[in-house]
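Below you'll find the structure, written out as structure tokens, and then a few comments.
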Amino acid sequence: MLALAIGSPAIGNEPAEEFMTGADLAGAKVTFTTLAGHIEEIWVVLEPLAGGALVEGNFSLSIAQGFDTFNGVWNFTNVSSTEITKVDIDFTNINAVFDTRDGVGRYFDVSEGNGGGNKLAPDRVTYFGEVTSDLFKGVSLEWTTGDTLNGFMSWRADTDPFFGSIPDPDPDPVTTPEPTATLGVLALFSLGTWGVKKKQ
């Protein structure tokens with residue numbers, strides 16, 4: 001069962017909504033949590049339009065070349081014997097946000113028919129670093145009832161450029177269970193006044 005956790009209300013300036021490729025996310029921090037501890041990697045440019053975080057060829061997180069994050073898929077691959085229990089993607093140090101708005105953004109959505117599909121879907125998805133009620137500086141994927149050994153999973157999660165002050169993270173986000181594998185739209189609350197530009 002998937003669950004969605006929402007962070008705190010935030011203050012700041014205006015984010016701008018545009019398509020982003022994997023290469024545009026260079027500098028983001030990706031933390032892989034294993035049974036032995038944490039492994040931190042910085043997202044790098046792999047190809048002109050592609051980017052990712054790689055750990056010695058054993059496991060990786062990437063966005064394929066030629067796709068923006070709205071239409072393209074994120075790929076998580078683990079070909080090692082390491083059990084990964086959590087993956088954090090943190091945009092705090094770059095000008096980007098996750099856009100979860102219905103229609104113009106998207107909630108985390110496991111991509112059916114791509115690799116592992118729902119088989120390796122995380123048990124909990126937590127957005128953190130709330131910029132508005134539907135824009136966030138990071139997302140955590142957690143596996144609490146199994147592992148991601150020898151697996152491949154793809155998903156979609158839209159990102160947009162963000163220019164403004166970074167909100168303080170919520171130390172104690174509230175998690176709300178969702179009964180289906182595809183996350184629905186939840187009622188969210190925020191403080192502050194924000195604006196976005198529509199995708200072209």
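Just so it is clear, none of the values below were taken in a lab; they were calculated from the coordinates. Predicted model only: the values in this text are computed from it and were never measured. Neighbour counts run over all protein chains shown; Cβ positions are idealised from the backbone, glycine included.
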- Would you kindly derive the ³J(HN,Hα) couplings of the range 20-32 from the backbone phi angles with the Karplus curve 6.51 cos²θ - 1.76 cosθ + 1.60 (θ = phi - 60°), listing them in order in whole Hz, with x for Gly and Pro? 10, 9, x, 5, 5, 9, 4, x, 5, 9, 10, 10, 9
- Task: Could you pull out every residue, at least 5 positions away or on a different chain, whose amide H is within less than 5 Å of the one on residue 49? Hs are placed 1.01 Å off N in the peptide plane, and Pro or chain starts have none.
- Result: 66
- Using per-residue counts of other Cβ atoms within 10 Å, averaged over each peptide, order 95-103, 46-54, 131-139 from highest down. 131-139, 95-103, 46-54
- Which residues qualify? For residue 83, with a placed amide H closer than 5 Å and at least 5 residues away or on another chain, they are 35
- Task: Give, as a single signed number, the net charge of other residues whose beta carbon lies under 13 Å from the beta carbon of residue 74, with Lys and Arg counted +1 and Asp and Glu -1.
- Result: -1
